[in-house]
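Below: the structure, in structure tokens.
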Amino acid sequence: MPRNSATVAFTLSRQVWIASACVALLSGALAQSSGNGTCDNLGPRVFCAYNGVTEDKCTGQYGCCYDTNVPTTVGNAGAPVSIPVCFYKNGGGSTYSLSANTSAGGQGGKLTSTSGTMSKLGPDITNLDLTVSQLSPTILRVTIGAPGRWTVPQSTIFKGTGIDSGASSSNALNFTSTSNPFSFTVTRAGTTEPLFDTTGQRLVFKDQYIEFASTLPSSSAVFGLGERTPSYGMQLLRNALVPLALWNRDNPAADPDENIYGSHPNYMEIREDGTAHGVVLMNCNGMDVVLADDTIQFRVVGGVIDLYFLSGPTPNLVSDQLTQIIGRPVMPPYWAMGLMQSKFGYESADYYSYVVDNYAAAGIPLDTFVADSQYMNNQQDFTLGAAFPQSQVAAFIDTLHSNGQHFVPIIDPFIHISQSYSTYTSGVTAAAFLNDVAGTLYIGQGWPGATVYPDFDSTQGVTWWQGQMQNFHQLVNYDGVWLDMNEISNYCTGDVCENPGSSVGVQLRFICQVPCQSGVQTATNGSDGARNTNASSIPAAGYFSPPYAINNGNSQLPLSTKTLATTVTHHNGELEYNLHNLYGIQENIATYNELINLRGKRPFILTRATWLGSGAYAAHWTGDTLSAEQDMVWTIPSVMNAGLAGITFAGADICGFSGYASENLCARWAAIGAWYPFSRNHHADGFQEFYRWPNVAIVARKVFGWRYRAMPYLYTAFYQSHTNGCPVMRPLFFTFPNDQTTWDVNSQFMIGDGLMVAPCLQENGTSVEAYFPQGMWYSLYDGTATDASTRPQNVSLEVGITDDVPLYLLGGSNGSVTACGRMYLDGGEELSTGNALDNYITLNAVISTTSSSHLDVFGVGPVDTSSVTLQTLSGSAATTGADEDQLADQRNTCCHDSWIGNKHATRVNYCGFGSL
């Protein structure tokens, strides 16, 4: 969308903190009312008058719609919501007609508006372009837009290897459309069941409001559309009364069921027969997604409709197809899979050493020390404070490195305004910072005081940032970077804010002390007088206050609340209105590229803000949880939801971030956190390191001991994720999509494709009711079998406070004669991963009760069979022998593994019968 829109500017009379929202009947469908100028309680509700207004005044004096049948809470935790009860008339159809033609690379056509609705949201765009492209046999793209409108800059943010066009002669998805009124349907080839069907739904396309919808079977399960802390689990609620807002914001993860740090406009749907497909809306503007019993509707405040349909038909294949588009998940350095420790409040370099020494003394493995912002000089990036002398910090890092450990500091996007701070002055000289609507540097407030913000969408901003990283690396030999507060966070709200000078210093309470103004008048009437007389550079009023307010914070908060103003201007002329959700990933990319330049090794980045594609550059944690049992429970679906967006290196703050964990809670959380893909103990209040309590130390030694023993398996799961996009920590329905019970299992998870974790989630509990999907399951610790081969089982497992977390390996049924496994190994930090197939081994175990059983090794070779050790549960001796020719035909059948190719094969025989 052009920043100087020709669209009529709107000045809406409304209260600052209350705006529009979508409301629907509890019965479900987003039906359309009969005509324009009528009332549809289903929404969208554009605020007309304050909640509490009488019906007579709302409908009589204001001529608006009135309905008090609205919820006040959402989710299992009773999160508060606020929805307008007096709203502008919103009924009526909005249709387009299609004049079809064929364009290069696919179908296409011209859409012409034939009826419109909701004039309060602006005039309809009369002419639209439709393009339909079959990108691969499994990926279909449908785009509806107009020339000059804002689109996601995919070529600069996605680290994709390219979509696999495939060798198939037939497509898995079909596209059909009707002309007048225009609608379209996407079906799976060979069936008539629609995966996405807009028939009977209106299409609204205005400059700052786009609405479209599809029918949705009430029997299917829908997942994704993060990021929020889901009190209800992974499967999304069919609650059309409360839209799901997608807009990055610095709000604690401890507040459930509202939009937080990331925005992921994609969902996966699983039908009754277990088939899965995915839908991606490639749009980074603010939006609401409304789920009803039989409908899904999108309401977007800018950009275009750019839909990608992913045919699946399994959850893993949906992830594969998604990450072909947005980039394969990052392959972490081997060391980054180990335990990390950090805290908001380590006040000296001496204390750094104290923490690391105590981990060693307790016998708890620690791979990485992560430094929060206390190391800085008055919270200023790229500096060291008085309690952190450079020589002492360097010596600490040298000691870490000599022990095979690593150091990762935090870097925030807050650049303190101070003429004595070279990071600030050099950025001003380089024109590296964002500008406000008045044409001067945009000023906000963060940890150090009044701040400016780097422009990661500009060459000069990226170059300056990378130069600061180089300078700091000469002081501090860091191994990775933690990027926090990059939603982007701001204590203040306003289009133009003034620098109050030295009166505002370090302040950690999120209280704005910087004078700010909001609205169109701020461009010319700042506190220093007429500041910007170039009227053509001032965006339309709708960009200050959009005509439709998404359900930001579950209360239609203005988009600029506690973040950069939507009117902030990047150096390419684009508004923050369009780029807001991409700030974090653009910072990730600049940092990722510089880490490669500095170290020549695989980068490690930890980021809080995310969008689609972030997982190709960085790890992610779920943010500021409470040290409370419910927050521990919520982390499991939160981490798995990140995986649905291609962010597979994810975890949560073990033992919680805010508040104080009990010994039992921290013990339980450590048992879970040892199996997060990203595993870090991080907290703010008090001290919660694992060595602090006897029982926690016992548990930590056990569970992290097993994590480290399982590192080859975990590393292989990361390699498979990096190669094919599948999550590392995945819900049970990824492995058992036909088992509808798994759709709602939120307390257990799989690591890779063969290891199930069934933790006790009760702080003071002593057992867990575990669900075992159909199959044979073996305890990782002693091989004890749980036989669910004929039907799923619910099993009560005793779990004492110092016991290992229950871990089970998925095997074959009693009648199975083969089992497969995989292993990927490399040097742990080299950049050239993903295609190093000589490092990838596939194992095929053949179990026989009548002859000698054997293990076939594919992929690496020739194998020195004398170096192979084979352990059997019965303790039988093993022999080895090469039989490469005989195994040639089996190479591509074991586990249907396409990675093996024409690699070497070795057979290892063992004496006796039974299981390996």
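Taking the criterion of being closer than 30 Å to residue 125 by Cα and either at pLDDT 95 or above or among the β-branched types (Val, Ile, Thr) (or both), the residues of the range 68-86 that qualify are 83, 85, 86. Restricting attention to the range 735-751, the residues being surrounded by fewer than 24 Cβ atoms within 10 Å (Cβ to Cβ) and either in contact with an Asp or Glu (Cβ under 8 Å, 6 or more places away or on another chain) or among the aromatic types (Phe, Trp, Tyr) (or both) number 5.
Given the structure, is residue 340 open to solvent by less than 20 Å² (accessible area, probe 1.4 Å) and more than 28 Å from residue 433 (Cβ to Cβ)? In short, yes. Determine whether the range 100-110 contains at least one residue that is touching a strand residue (DSSP E or B) at 6+ places or on another chain (Cβ under 7 Å), hydroxyl-bearing (Ser, Thr, Tyr) and surrounded by 20 or more Cβ atoms within 10 Å (Cβ to Cβ). Looking for residues that are touching a strand residue (DSSP E or B) at 6+ places or on another chain (Cβ under 7 Å), hydroxyl-bearing (Ser, Thr, Tyr) and surrounded by 20 or more Cβ atoms within 10 Å (Cβ to Cβ), one finds none in the range 100-110, hence no.
What about residue 689, is it among the acidic types (Asp, Glu) and surrounded by fewer than 20 Cβ atoms within 10 Å (Cβ to Cβ)? The answer is no for residue 689. Being farther than 20 Å from residue 583 by Cα, in a strand (DSSP E or B), touching a Gly at 6+ places or on another chain (Cβ under 8 Å) and aliphatic (A, V, I, L, M) is a description that applies to residue 408.
Is there a residue in the range 537-559 that is buried (at least 17 other Cβ atoms within 10 Å of the Cβ), among the β-branched types (Val, Ile, Thr) and either at positive phi or at pLDDT 95 or above (or both)? Yes. Would you confirm whether or not the range 142-150 contains a residue that is under 22 Å from residue 550 (Cα atoms), open to solvent by 20 Å² or more (accessible area, probe 1.4 Å) and part of a loop (DSSP other than H, G, I, E, B)? Scanning the range 142-150 turns up at least one residue that is under 22 Å from residue 550 (Cα atoms), open to solvent by 20 Å² or more (accessible area, probe 1.4 Å) and part of a loop (DSSP other than H, G, I, E, B). Of the residues making up the range 413-435, those that are in contact (Cβ under 8 Å) with a residue 40 or more places away in the chain and either within 14 Å of residue 491 (Cβ to Cβ) or open to solvent by 20 Å² or more (accessible area, probe 1.4 Å) (or both) are 413, 414, 417, 426, 431, 435.
Any idea which residue in the range 436-468 is farthest from the chain's Cα centre (by Cα), counting only those that are surrounded by fewer than 19 Cβ atoms within 10 Å (Cβ to Cβ) and more than 20 Å from residue 513 (Cβ to Cβ)? Selected residue: 439.
Can you tell me which of 372, 367, 350 is at pLDDT 95 or above and over 19 Å from residue 678 (Cα atoms)?
The match here is 350.
Touching a helix residue (DSSP H, G or I) at 6+ places or on another chain (Cβ under 7 Å) and either assigned to a helix (DSSP H, G or I) or on the phi < 0 side of the Ramachandran plot (or both): which single residue out of 341, 297, 324 fits that description? Lay out the reasoning, then the answer.
Values: 297 fails: touching a helix residue (DSSP H, G or I) at 6+ places or on another chain (Cβ under 7 Å); 324 fails: touching a helix residue (DSSP H, G or I) at 6+ places or on another chain (Cβ under 7 Å).
Being touching a helix residue (DSSP H, G or I) at 6+ places or on another chain (Cβ under 7 Å) and either assigned to a helix (DSSP H, G or I) or on the phi < 0 side of the Ramachandran plot (or both) holds for just one of 341, 297, 324, which is 341.
So, of the residues in the range 469-485 that are in contact (Cβ under 8 Å) with a residue 24 or more places away in the chain and not hydrophobic (A, V, I, L, M, F, W, C), which turns out to be surrounded by the most Cβ atoms within 10 Å (Cβ to Cβ)? Ranking the qualifying residues of the range 469-485, first place goes to 480. Selection of the range 249-281 for residues being open to solvent by less than 20 Å² (accessible area, probe 1.4 Å), in contact with a Ser or Thr (Cβ under 6 Å, 6 or more places away or on another chain) and under 13 Å from residue 227 (Cβ atoms) yields 253, 256, 257, 262.
Tally the residues that are of a type outside the set (A, V, I, L, M, F, W, C), at pLDDT 95 or above and either assigned to a loop (DSSP other than H, G, I, E, B) or surrounded by fewer than 24 Cβ atoms within 10 Å (Cβ to Cβ) (or both), restricting the search to the range 572-585.
So the count comes out to 1.
Look at residue 561 and say whether it is among the β-branched types (Val, Ile, Thr), in a loop (DSSP other than H, G, I, E, B) and under 22 Å from the mean Cα position of the chain (by Cα). Yes; evaluated as a whole, the condition is true for this residue.
Of all residue pairs spaced 6 or more apart or on separate chains, none has beta-carbon atoms under 6 Å together with a first member in the range 323-345 that is at pLDDT below 95 and a second member that is assigned to a helix (DSSP H, G or I) and open to solvent by less than 10 Å² (accessible area, probe 1.4 Å).
The values are calculated or read from the model by the stated rules, or taken from the named source; none is laboratory data. Since the model is a prediction, treat every value here as computed from it, not as a measurement. Here the Cβ is made from the backbone with ideal geometry for all residues, glycine too, and neighbour counts use every protein chain on show. Ligands, DNA and RNA are excluded from the accessible area calculation, which covers all protein heavy atoms including side chains. Shrake-Rupley method; radii C 1.70, N 1.55, O 1.52, S 1.80 Å.
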